[in-house]
Amino acid sequence: MRIKLLFFAKSREVVGKSEEDINVEEGATTVELRAKLIAKYPGLESVMKTCVFALNQEYVPQSEAAPLKEGDEVAVIPPLSGG
């Protein structure tokens, strides 16, 4: 099944793009997606430790295995800093 990823801040720098469509297994969760992204983009491993996902514009805690559905949009949001 296909989902849309949106990358922000440091995650965008690491992957080199702001969005990507990706295929995931039927029944995949955000926890499995996190592992898939680290496997595809090893540079994301340190970033993912502090990132949160927003699934269809709703934040998902890192420990929660939220189910993914065809056409979902997942934003990868690292912590922001600045003033």
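The values are calculated or read from the model by the stated rules, or taken from the named source; none is laboratory data. Since this is a predicted model, take the numbers as computed values, not measurements. Note that we place each Cβ from the backbone using ideal geometry, even for glycine, and neighbour counts take in every protein chain shown.
Answer yes or no as to whether Lys4 is modelled with pLDDT under 95 and of a type in the set (Lys, Arg).
On the way: modelled with pLDDT under 95: no; of a type in the set (Lys, Arg): yes.
It is false that Lys4 is modelled with pLDDT under 95 and of a type in the set (Lys, Arg).
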Residues of region 8-62 classified as in contact with a Ser or Thr (Cβ under 7 Å, 6 or more places away or on another chain), within 13 Å of Asp72 (Cβ to Cβ) and of a type outside the set (Val, Ile, Thr), total: 2
Filtered residues of region 62-83 (kept if farther than 12 Å from Leu6 by Cα and at pLDDT 90 or above): Glu64, Ala65, Ala66, Pro67, Leu68, Lys69, Glu70, Gly71
